[in-house]
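Shown next, in structure tokens, is the structure this report addresses.
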Amino acid sequence: MSELPNDKTCRQCGAPLSYTDICLHKKLLSRSAVTFFCMDCMAVYCNTTRERLEAYIAHLRKTGTCSLFPPLPDENNEE
């Protein structure tokens, strides 16, 4: 009973996937993928940590260098 469209779940552990999980998989492995890893399984697959992946996503959002991870709305309102 997932609230995500098409009941997308991690291909490794079966956990529900977020939009970020799917985009990270597409960024790191394949834009044409149809099955995806969750963040934790991606970290294991890439021999890294979840924290490093989250830092990478934050970097992409901050620099605006990836269309999969655009800057978040409140990041643009730095005053």
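The values are calculated or read from the model by the stated rules, or taken from the named source; none is laboratory data. Since this is a predicted model, take the numbers as computed values, not measurements. Here the Cβ positions follow ideal geometry from the backbone for every residue, glycine too, while neighbour counts run over all protein chains shown.
For the reader, a short list of remarks on this structure follows.
- The one condition in (1) surrounded by fewer than 12 Cβ atoms within 10 Å (Cβ to Cβ); (2) polar (S, T, N, Q); (3) at pLDDT 95 or above that residue 6 fails to fulfil: (3)
- Close pairs (7 angstrom Cβ cut-off, 6 or more residues apart or separate chains): within 14 Å of residue 70 (Cα to Cα) in region 19-33, modelled with pLDDT of 95 or more and of a type in the set (A, V, I, L, M, F, W, C) anywhere: 20/57; 24/39; 24/42; 24/53; 24/57
- Some residue of region 12-30 being of a type in the set (D, E, K, R) and surrounded by fewer than 13 Cβ atoms within 10 Å (Cβ to Cβ): no
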